[in-house]
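A.B. asks: My structure is below; once you've seen it, I'll send some questions.
The values are calculated or read from the model by the stated rules, or taken from the named source; none is laboratory data. Model, not experiment: these values are computed from the prediction. Here the Cβ is made from the backbone with ideal geometry for all residues, glycine too, and neighbour counts use every protein chain on show. Keep in mind that these areas ignore ligands, DNA and RNA; they rest on the heavy atoms of the full protein, side chains included. Shrake-Rupley method; radii C 1.70, N 1.55, O 1.52, S 1.80 Å.
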Amino acid sequence: MPQRTIILGIESSCDETAAAVLVDGVIKSNVIAGQEVHRAWGGVVPELASRAHQEHIVPVVDEALRRAGVSRHELSAVAFTQGPGLIGALLVGACFARSLAQALGIPLLAVDHIQAHVLAHFVRDGDDRPLPAFPFLNLTVSGGHTQLVLVRSPLDMEVVGTTTDDAAGEAFDKGAKVLGLPYPGGPEVDRLAAQGDPTRHPLPMPQVPGLDMSFSGVKTAFRNLVRRGLDGDPAFVERELPHLCASLQHAIVAQLIARTRRAARELGVQTVAIAGGVSANSGLRRAVQELGRTEGLQVHIPPFAYCTDNAAMIAVAGAYLLEAGRIAPLDVVPLASLSR
Ligand code: KG4
Ligand code: ZN
């Protein structure tokens, strides 16, 4: 039997410890351990995240290997998230991956987390979803990043637009916090917005030139709206909750879609795609499908499991690095901010 290429992917950039096994280009396991410990603090506490990664990493990797039916001695390479992310959290995954690669004498692959979110479109797991054709425009929206990226090939990506302040996920999470919703607020806002009227509390659309975006104005306008409402009526949030969520979601999604439309027209692409945690948002998923219909574009949206942080996308990104011969030295260090 020809030798199989087996890549272990490891993700530890924020508050999920994740491991996945890719066998000959197909994901065989994708394990994620979240960290409940941050809920009480209303956000990710970096020091607690590092400690939780240390506790989770060995069992999560073991479980990923077990589910894939692979022993660590069969691994061809180890891919890990080099950055961007919380430095203490990244260190846990980086040290583990470096040690494993050294002990097994196999290549180490240092993955850019934001590029990996885009490469989530290329995760194959047994179903035959169509893959986006190059070049395509990707809207990458997560808790830390909001970017429009022209993707020419798996390892050739150009950022053509970015947020000038907060990320879209941050706007969801901070808006949710104003409403007293638990962290992370994005999924809660999404759930509650389904029953709300998005036009009830209009929020301003920022005027940013070119293909850049801005979300801090939306956040401030939303906070002021809630404060004003509560001044006159202590039950304002309780009564208006679904409408407030729908209005916030609408304001964020409308800006993302307006910029994606402009970029698609300017760049003349035939295909648009979304990736990153916020691409799990049902309002954004609907709006980008609608954009595809009105502009005559192919649309690609990853399955939910590959939108938020996961190691399947890290393993897939690692496979492209391995193919290109881009092996990391064993003393490679994680980087809190990373742009290639
Ligand atoms: O990609 P991700 O898991 O981690 C980062 O790399 O940041 O993204 C996390 C972000 C959080 O801000 C979270 O609130 C947001 O994605 N998110 C959502 C939804 N699911 C996750 N935002 C809106 N609607 C959702 N359904
Ligand atoms: Zn992410």
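A.B. asks: Give Ala305, Ala287, Ala315 a once-over and let me know the one that is part of a helix (DSSP H, G or I), of a type outside the set (Lys, Arg) and over 30 Å from Val23 (Cα atoms).
C.D. replies: Details: Ala305 fails: over 30 Å from Val23 (Cα atoms); Ala315 fails: over 30 Å from Val23 (Cα atoms).
Result: Ala287 is the single residue among Ala305, Ala287, Ala315 that is part of a helix (DSSP H, G or I), of a type outside the set (Lys, Arg) and over 30 Å from Val23 (Cα atoms).
A.B. asks: Now for a different question. Please indicate, with yes or no, whether at least one residue in region 270-278 is within 16 Å of ligand 2 (Cβ to nearest atom) and in a helix (DSSP H, G or I). Talk me through it step by step, then tell me what you get.
C.D. replies: So in region 270-278, the residues within 16 Å of ligand 2 (Cβ to nearest atom) come out as 273-278.
From what's left, in a helix (DSSP H, G or I): 277-278.
Within region 270-278, one or more residues are within 16 Å of ligand 2 (Cβ to nearest atom) and in a helix (DSSP H, G or I).
A.B. asks: Now for a different question. Against the definition (among the aliphatic types (A, V, I, L, M), on the phi < 0 side of the Ramachandran plot, open to solvent by 50 Å² or more (accessible area, probe 1.4 Å) and in contact with a strand residue (DSSP E or B) (Cβ under 6 Å, 6 or more places away or on another chain)), how does Val149 come out, yes or no?
C.D. replies: On the way: among the aliphatic types (A, V, I, L, M): yes; on the phi < 0 side of the Ramachandran plot: yes; open to solvent by 50 Å² or more (accessible area, probe 1.4 Å): no; in contact with a strand residue (DSSP E or B) (Cβ under 6 Å, 6 or more places away or on another chain): yes.
For Val149, the condition - among the aliphatic types (A, V, I, L, M), on the phi < 0 side of the Ramachandran plot, open to solvent by 50 Å² or more (accessible area, probe 1.4 Å) and in contact with a strand residue (DSSP E or B) (Cβ under 6 Å, 6 or more places away or on another chain) - is not met.
A.B. asks: Exactly one condition in (1) surrounded by fewer than 24 Cβ atoms within 10 Å (Cβ to Cβ); (2) away from ligand 1 (no atom under 15 Å from the Cβ) is false for Leu109; which is it?
C.D. replies: Tallying (1) surrounded by fewer than 24 Cβ atoms within 10 Å (Cβ to Cβ); (2) away from ligand 1 (no atom under 15 Å from the Cβ), Leu109 fails exactly one: (1).
A.B. asks: Then there is this: Quick check on region 125-137: of everything there that is in contact with a strand residue (DSSP E or B) (Cβ under 9 Å, 6 or more places away or on another chain) and closer than 29 Å to Arg67 by Cβ, which residue is least open to solvent (accessible area, probe 1.4 Å)?
C.D. replies: Of the residues in region 125-137, the ones in contact with a strand residue (DSSP E or B) (Cβ under 9 Å, 6 or more places away or on another chain) are 125-126, 129-137.
Subsequent filtering for residues that are closer than 29 Å to Arg67 by Cβ retains 125-126, 129-132.
Numbers: Asp125: 56, Gly126: 73, Arg129: 63, Pro130: 98, Leu131: 81, Pro132: 6 Å².
The extreme case among them is Pro132.
A.B. asks: Another question about this same structure. Could you list, in sequence order, the residues of region 217-241 that are of a type outside the set (D, E, K, R) and outside any helix (DSSP H, G or I)?
C.D. replies: Just the residues of region 217-241 that are of a type outside the set (D, E, K, R), to begin with: 217-218, 220-222, 224-226, 229-230, 232, 234-237, 241.
Across region 217-241, the qualifying residues are Pro234, Ala235.
A.B. asks: So, one more: Among the candidates Gly93, Gly69, Gly25, single out the residue that is over 18 Å from Ala305 (Cα atoms) and open to solvent by less than 40 Å² (accessible area, probe 1.4 Å).
C.D. replies: Values: Gly69 fails: open to solvent by less than 40 Å² (accessible area, probe 1.4 Å); Gly25 fails: over 18 Å from Ala305 (Cα atoms).
So the residue among Gly93, Gly69, Gly25 that is over 18 Å from Ala305 (Cα atoms) and open to solvent by less than 40 Å² (accessible area, probe 1.4 Å) is Gly93.
A.B. asks: Among the residues of region 189-216, which ones are polar (S, T, N, Q) and in a loop (DSSP other than H, G, I, E, B)? Explain how you work it out, then say what you get.
C.D. replies: Of the residues in region 189-216, the ones polar (S, T, N, Q) are 195, 199, 207, 214, 216.
Within region 189-216, Gln195, Thr199, Gln207, Ser214 meet the criteria.
A.B. asks: I'm told Asp231 meets every condition in (1) open to solvent by 40 Å² or more (accessible area, probe 1.4 Å); (2) in contact (Cβ under 8 Å) with a residue 60 or more places away in the chain except one. Can you identify the failing condition by its number?
C.D. replies: Every condition holds for Asp231 apart from (2).
A.B. asks: Could you tell me whether any residue of region 247-260 is in contact with a Gly (Cβ under 6 Å, 6 or more places away or on another chain), over 30 Å from Glu16 (Cα atoms) and surrounded by 17 or more Cβ atoms within 10 Å (Cβ to Cβ)?
C.D. replies: No - not one qualifying residue is present in region 247-260.
A.B. asks: Out of curiosity, is His53 modelled with pLDDT under 95 and outside the structural domain of Phe172 (by TED's automatic domain parsing)?
C.D. replies: It is true that His53 is modelled with pLDDT under 95 and outside the structural domain of Phe172 (by TED's automatic domain parsing).
A.B. asks: So which residues in region 290-336 are farther than 21 Å from Gln102 by Cα, within 16 Å of ligand 2 (Cβ to nearest atom) and out of contact with any helix residue (DSSP H, G or I) (no Cβ under 8 Å at 6 or more places or on another chain)?
C.D. replies: Pro303
A.B. asks: Just one of (1) of a type in the set (S, T, N, Q); (2) under 14 Å from Ala79 (Cβ atoms); (3) modelled with pLDDT under 95; (4) open to solvent by 40 Å² or more (accessible area, probe 1.4 Å) trips up Ser13, so point out which.
C.D. replies: Every condition holds for Ser13 apart from (4).
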